[in-house]
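Encoded as structure tokens, the structure appears first; notes follow it.
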Amino acid sequence: MADIKENLANVRKNIEDACKKVGRDVSEVTLITVSKTKPLSDLRIAYEEGSRDFGENKVQELVSKIDEMPSDVKWHLIGHLQRNKVKYIAGKVAMIHSVDSYRLAEEINVQAKKNSCVIPILIEINIAGEDTKFGIKPEEAEELIREISELENVKVSGLMTIAPNVANPEENRAYFKAMKDLFVDISSKNIDNVEMKVLSMGMTNDYTVAVEEGATMIRVGTGIFGARDYSK
Ligand SMILES: *Cc1c(COP(=O)(O)O)cnc(C)c1O
């Protein structure tokens with residue numbers, strides 16, 4: 001059994017150390033506790049230890065957990081989202097991290113309007129150009145963001161990436177740097193209705209490098225809850 005309490009403390013310490021190393025304030029970094037496949041009992045331990053931002057990658061699982069957890073939890077949809085499922089999460093999620101098309105943003109806008117809310121979204125970038133990953137090319141980001149910025153009930157709030165699965169996290173440093181450059185570049189355009197404040201990057205294997213390179217949200221699952229079991 002993983003010691004969730006101890007793991008969380010370690011992750012927080014590592015974030016602090018990474019911030020210190022590069023002169024960032026630790027308050028700039030939000031830890032998203034990625035709880036996919038994990039039972040509510042595990043989520044509750046993390047909650048007791050102070051976790052308030054939880055990440056799930058499947059709509060059905062996210063929705064089923066919402067009602068079972070305290071109402072001050074902020075839920076982040078971090079996995080690929082199909083348009084026909086947006087209606088189940090509109091009005092319930094704090095942020096959608098995985099928007100990679102105008103058509104998806106348009107559907108989020110429709111469902112947000114129905115719920116009289118504005119949904120913050122991140123644009124998913126396939127920074128390493130991997131065939132196996134969702135996300136758009138970096139050079140497509142500005143145009144897509146300009147299109148989405150016309151939609152009243154979605155708010156582009158930043159960028160997200162899932163870096164390659166590498167043995168040594170240093171191998172991802174250049175990708176995190178490229179994400180930060182893109183983030184700064186798009187910020188500098190001052191596009192109406194776009195607020196570049198979130199850079200969501202870094203997972204269990206590489207979050208310290210991501211924090212050093214400017215991540216404002218990191219998404220950690222295994223490092224908190226231990227390995228996932230997909231057999232059930
Ligand atoms: C599962 C998942 C994570 C967390 O991965 P770990 O390696 O377990 O920390 C982060 N981001 C996304 C999009 C995920 O699907």
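The values are calculated or read from the model by the stated rules, or taken from the named source; none is laboratory data. A quick note: this is a predicted structure, and the numbers were derived from the prediction, not measured. FYI the Cβ positions are ideal-geometry reconstructions off the backbone, even for glycines, and counts take in every protein chain you see.
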(1) more than 15 Å from the ligand (Cβ to nearest atom); (2) surrounded by fewer than 20 Cβ atoms within 10 Å (Cβ to Cβ); (3) touching a residue at least 12 places away in the same chain (Cβ under 8 Å): which one isn't true of P39, the others all being true?
-> (3)
Which residue out of E147, E124 is part of a strand (DSSP E or B) and touching a Phe, Trp or Tyr at 6+ places or on another chain (Cβ under 8 Å)?
-> E124
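Test V110 against the stated conditions and say whether it is within 16 Å of the ligand (Cβ to nearest atom), among the β-branched types (V, I, T) and surrounded by 15 or more Cβ atoms within 10 Å (Cβ to Cβ).
Numbers: within 16 Å of the ligand (Cβ to nearest atom): no; among the β-branched types (V, I, T): yes; surrounded by 15 or more Cβ atoms within 10 Å (Cβ to Cβ): yes.
The answer is no for V110.
Taking the stated definitions as given, is A167 of a type in the set (A, V, I, L, M, F, W, C) and free of Cβ contacts under 8 Å to residues at least 12 places away in the same chain?
Values: of a type in the set (A, V, I, L, M, F, W, C): yes; free of Cβ contacts under 8 Å to residues at least 12 places away in the same chain: yes.
So A167 passes the test.
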For residues in segment 98-117 being in a helix (DSSP H, G or I) and of a type in the set (A, V, I, L, M, F, W, C), which is farthest from I78 (Cα to Cα)?
-> V110
Pairs where the first residue, in segment 83-106, is at pLDDT below 95 and the second is in a loop (DSSP other than H, G, I, E, B) and among the aliphatic types (A, V, I, L, M), C-beta under 6 Å, 6+ apart | none
Options L151, L104: the member that is within 16 Å of the ligand (Cβ to nearest atom) and not polar (S, T, N, Q) | L104
Unmet criterion (only one of (1) farther than 22 Å from Y230 by Cβ; (2) without any contact (Cβ under 8 Å) to a residue 40 or more places away in the chain; (3) not basic (K, R); (4) not in a helix (DSSP H, G or I)) for S51 = (2)
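Output the residue which, of all residues in segment 27-36 that are more than 12 Å from the ligand (Cβ to nearest atom) and under 19 Å from M203 (Cβ atoms), is farthest from the chain's Cα centre (by Cα). I'd like the intermediate steps shown before the answer.
Filtering segment 27-36 down to residues more than 12 Å from the ligand (Cβ to nearest atom) leaves 27-30.
So of that shortlist, the ones also under 19 Å from M203 (Cβ atoms) come out as 28-30.
Numbers: E28: 15, V29: 12, T30: 10 Å.
In this case the residue turns out to be E28.
When you go through N153, N126, N165 one by one, which is the residue that is touching a helix residue (DSSP H, G or I) at 6+ places or on another chain (Cβ under 8 Å), surrounded by fewer than 21 Cβ atoms within 10 Å (Cβ to Cβ) and at pLDDT 95 or above?
None of the others qualify; the one that does is N153.
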